[in-house]
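For reference, the structure is listed below as structure tokens.
The values are calculated or read from the model by the stated rules, or taken from the named source; none is laboratory data. The structure presented is a predicted model; accordingly, all values stated were derived computationally and were not measured. Cβ placement follows ideal geometry from the backbone for every residue including glycine, while neighbour counts extend to all protein chains displayed. All accessible areas refer to the heavy atoms of the entire protein, side chains included, with ligands and DNA or RNA removed. Shrake-Rupley method; radii C 1.70, N 1.55, O 1.52, S 1.80 Å.
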Amino acid sequence: MTEPVLRMALPAPVWGLFDYLPPAGVAPEALQPGQRLLVPFGRRERCGLLVELATESELDTKRLKRAVRLLDPEPLLPTDHLKLLRWVADYYHHPLGEVLFSALPARLRRGRPPLEERSRQLRLLRQPLEEHPELLTRAPKQRQLVDWLEAQGGSAGLEAFRERFPSGRSLLRALQEKGLVELVEEAASGGGAFTAAPGPSLNPEQSAAVEAVAASLGGYRAWLLEGVTGSGKTEVYLQLAQRVLAAGGSVLVLVPEIALTPQLVARFRERLPVPLALLHSGRSEGERERDWLRARLGQARLVIGTRSAVLAPMRDLGLVVVDEEHDASYKQQEGIRYSARDLALVRAHRAGCPVVLGSATPSLESLKNAREGRYGWLRLRRRVAGGELPAMRLLDVRGQRLEGGLSRPLLERIEETLAAGRQAMVFLNRRGYAPVITCYDCGWLSDCPRCDARQTWHRAWGKLVCHHCGAERPLPPRCPACGADALHPLGQGTERLEQVLAERFPEVPLVRIDRDTTARRGRLQQLLEQVGAGGAGLLVGTQMLAKGHHFPEVALVALVDVDGGLFSADFRAAERTAQLVIQVAGRAGRGTGPGEVLLQTRYPEHPLLQTLVQEGYDAFAEQALSERASAELPPYSHQALLRAAAAKMERAEAFLVAAAGRATALAGETVALWGPVPAPMPRRAGRYRAQLLFQSSARGQLQKLLRLLVPELAELPEARGVRWSLDVDPVDLY
Ligand code: ADP
Ligand code: ZN
Ligand code: ZN
């Protein structure tokens, strides 16, 4: 009798699978693709994943090694999911082993047994806190626990709690006594009936959207839900999810960053009381694994998560939602460079269910598909609360004296807003005090020693920090080059804006929100609450402010500097700038009273700004799309970017020249090659970087070339000492 050959994937950057014989004493019938086995690999034993059972090997079966042990009695990855992940590996031309293993929770990758189903859960009771905020005033530790629970979406398993708060028993008891936290048994099964909490009755546009998507349930259909901020998109998701869950299906909701939108998770949890799996990096390993397992078994039929959740196994998938589909964070920028938005479509297609892409500022890719009829196009044109969309105005700052980047007219508008008891939001997408410091005597600049970039001055830390490689040093007391006494900041970041505004309006509460002020867990939540409390106030921040929050008291939104995005070499810069402007602007006037948006610029005549301000995002997008079409840029063509980095620029370039040679030999004229050229930032973290761009009007041709080319790359003699990576459908040409 011949034994089957196990074709195994291992978590290694190698192409192809590894053949093994079954472990001693394991019957062939017990083996199924999707199971993990411990196998000898090199001098160690490693956890591998069974991908296929074959009857023979290309190698001599007598020389095959025997697997050591079967780790899963049942497949950890269901067959259809294994197929999906193989598709991902094929499309992104990434080794299958790395794709499969990166889709597993961390412990399971290392061969550990799946965690038992969780039994008890801590649940946060929000109401007592809303009514008696003083309950936590003199209990910072308890506050920390409450914030943590909030960040977990309002509940967490007992085990994760112990992991996070090893000696937290008395904390928990205190919170239980105050009635803020309860300990409950988790329902084991996700099946069965549930009662959705009632929501508002939909307006006609929302109803039309819900009915259109609902009519497509049970089959694949892609929908673009384009609705201005506050137009009730989330309400549409909720009602659709409710229908799918009620019919026994499961729902996948992707969001850009959960930490930034705790309200969204809370809304789903309150409205749809079904077991929920929450998958994002803010959760503990154990919590994520449990939720992943519950999603896979269909016990949690509602899965909400960030980018990587698109690869969570699910049962009976009936609806996929991608909120803020234009958001750049859906694209993974390292390792397997997948787009979760694109994979959401692939998933829905394979599962045979609709997918809803929601945004106030859809990506040009999605807009093109909607215009050409490949996606259904649903529009919510009005804000639900009836609030007017804010008026946008350009503030010409040419020849003006600026104070920390702020013009006199802008400061006056801020003052009037505050005097009226309202809030003003000042937006600048740059953290730190100043992006560079200089010496007036000799022209010295705060260059990063490892990158072709400047180090940013972070005043509160007394340091110069490179935002690209992290290299930092103390602020030099004198000019390092000529010894002059004083160094001077050039330009500004949010830290400087904060200082200028605090000096000018000393009596007004001010909150700064950027990665520096929110690095500590729970801190963002705290800051947001301060803002939510209302009354006159100033909000300063980076793009973290642009995402999803409701700030009902904000009447004025000021964008300090929009010029950076107008002249970038990256053809997507205009699209990103337009999206950012509209998203930031959307924070104004969401509550009572009209809002106002001011954009400071030195280029008030710039066509992008003119179109955006006078005609809005749709008009901008239409223009941008026709420009892309005539330049044959995506979405009217398809790209892949091969990046290389080495200790010397010549080596990176030699590798790319060799790759380009092979590509031309393989593809002829069907795929255009651009480069090799040095990367826009040629030196980064001490390595030299270059790139080669592939472009074709036919996706199939490009894919065909990559399929032949990529396995050859590692074999090129020029690949030695070069780190390279392939980015299919790059969104960032850096
Ligand atoms: P978006 O996701 O487009 O920003 P939301 O769904 O969050 O909009 O809606 C904005 C606000 O309006 C929310 O507070 C929501 O509860 C409320 N809302 C949404 N739809 C309705 C409706 N039909 N009637 C009343 N309030 C609604
Ligand atoms: Zn000097
Ligand atoms: Zn650097």
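What ranking, highest mean first, results for peptides 491-498, 717-724 when packing means the other Cβ atoms within 10 Å averaged over each residue? Please list the in-between numbers first.
Values: 491-498: 23.8, 717-724: 15.9.
Per-residue mean Cβ counts within 10 Å order the peptides as 491-498, 717-724.
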Self-check item: Calculated from backbone phi, Karplus (6.51, -1.76, 1.60) coupling profile of the stretch 221-230 in Hz, x at Gly/Pro
Solution: 7, 9, 10, 9, 9, 9, x, 4, 4, x
Self-check item: residue 454 long-range amide H proximity, modeled H, under 5 Å
Solution: 448
Quiz item: Using θ = phi - 60° and the Karplus curve 6.51 cos²θ - 1.76 cosθ + 1.60, what whole-Hz ³J(HN,Hα) does each residue of the stretch 458-465 get, with Gly and Pro shown as x?
Solution: 9, 5, 4, 8, x, 9, 9, 10
Quiz item: What's the tally of Lys pairs in the chain whose alpha-carbon atoms lie under 23 angstrom apart, where the two lysines are 8 or more places apart or on different chains?
Solution: 9
Quiz item: Once phi is turned into θ = phi - 60°, what whole-Hz ³J(HN,Hα) does the Karplus curve with 6.51, -1.76 and 1.60 give for every residue of the stretch 327-333, x standing for Gly and Pro?
Solution: 5, 5, 6, 6, 9, 6, 9
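Express the accessible area of the chain per residue in Å², computed with a 1.4 Å probe while the remaining protein chains stay in the model. Before the final figure, lay out each step's value.
On the way: 32310 Å² over 734 residues.
For the chain, the solvent-accessible area averages 44 Å² per residue.
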Self-check item: Restricting the stretch 342-409 to GluC sites (Glu not before Pro) in coil, as DSSP defines it, with at most 15 other Cβ within 10 Å
Solution: 372, 388
Practice problem: Run a plain Debye calculation on the stretch 69-184 (Cα atoms as equal point scatterers, no solvent) and give log10 I(q)/I(0) at q = 0.12, 0.13 Å⁻¹, rounded to two decimals, same order as the q list. | Solution: -0.63, -0.68
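Are there any GluC sites (Glu not before Pro) in the stretch 641-698 that are in a DSSP loop and have at most 14 other Cβ atoms within 10 Å? List them by number. Intermediate results must be reported in sequence, preceding the final value.
On the way: sites: 650, 653, 669; in loops: 669.
Listed in order of number, the matching sites are 669.
Report the equivalent ellipsoid semi-axes for the chain in whole Å, largest first, defined as the square roots of five times the eigenvalues of the gyration tensor built from alpha carbon atoms. Before the final figure, lay out the partial values.
Numbers: eigenvalues 353, 243, 151 Å².
Calculated on Cα positions only, the semi-axes equal 42, 35, 28 Å.
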Quiz prompt | Selection of GluC sites (Glu not before Pro), the stretch 82-152, meeting DSSP coil and at most 12 other Cβ within 10 Å | solution = 116
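Tell me the Kirkwood hydrodynamic radius of the stretch 5-109 in angstroms, computed as one over the mean inverse distance between distinct C-alpha pairs. Working shown, then result.
On the way: mean 1/r = 0.0725 Å⁻¹.
Computed over Cα pairs of the stretch 5-109, the Kirkwood hydrodynamic radius comes out at 13.8 Å.
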Exercise. Based solely on C-alpha atoms, express the radius of gyration and the Dmax of the stretch 269-324 in angstrom.
Key: 10.7, 28
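Given a 1.4 Å probe and every protein chain left where it sits, what share in percent of the accessible area of the chain is carbon and sulfur?
Numbers: 16060 of 32310 Å².
Accessible surface attributable to carbon and sulfur in the chain totals 50 percent.
Just the C-alpha atoms of the stretch 204-380: what Rg/Rh do they give, with Rh taken as the Kirkwood radius?
Details: Rg = 14.8 Å, Rh = 15.9 Å.
Over the Cα atoms of the stretch 204-380, Rg/Rh equals 0.93.
What is the sum of charges around residue 12, taking Lys and Arg as +1, Asp and Glu as -1, for the other residues whose C-beta is under 10 Å from the C-beta of residue 12? Before the final figure, lay out the partial values.
Numbers: positive: 46; negative: 98.
Once all neighbours under 10 Å are counted, the net charge is 0.
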Self-check item: For the stretch 479-621, alpha-carbon Rg and Dmax in angstrom
Solution: 17.4, 56
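Just how many % of Cα pairs in the stretch 310-448 lie over 18 Å apart, if you round to the nearest whole percent?
On the way: 7167 of 9591 pairs.
Cα-Cα pairs of the stretch 310-448 separated by over 18 Å account for 75 percent.
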Self-check item: Rotationally averaged projected area of the stretch 362-442 (alpha carbon convex hull; nm²)
Solution: 10.6
Quiz item: Summing +1 for each Lys or Arg and -1 for each Asp or Glu, what net charge is found among the other residues whose Cβ lies under 12 Å from the Cβ of residue 546?
Solution: -1
Quiz item: Amide H to amide H, which residues 5 or more places from residue 595 or on other chains are under 5 Å from it, using H placed in the peptide plane?
Solution: 391
Quiz prompt | Cα pair distances of the stretch 118-187 binned at 10 Å [whole percent] | solution = 21, 60, 18, 1
Practice problem: Compute the Rg to Rh ratio over the stretch 638-728 from the alpha carbon atoms, using the Kirkwood formula for Rh, and round to two decimal places. | Solution: 0.96
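Of the DSSP beta bridges with both residues in the chain, give the percent that are antiparallel, rounding to the nearest 5. Walk me through the numbers before you get to the answer.
Details: 60 of 112 bridges.
Close to 55 percent.
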Quiz item: Considering the chain, which cysteines have no disulfide-compatible partner, defined as another cysteine with its Cβ under 4.7 Å away?
Solution: 47, 353, 469
Quiz item: How big is the Rg/Rh ratio for the stretch 450-562, C-alpha atoms only, Rh by Kirkwood, two decimals?
Solution: 1.02
Quiz item: What is the dipole size for the stretch 1-134, taken about its Cα centre, with +1 at each Lys and Arg Cβ and -1 at each Asp and Glu Cβ, in debye to the nearest 20?
Solution: 600
Self-check item: Interchain or long-range residues, amide H under 5 Å from residue 463's placed H
Solution: 458, 475
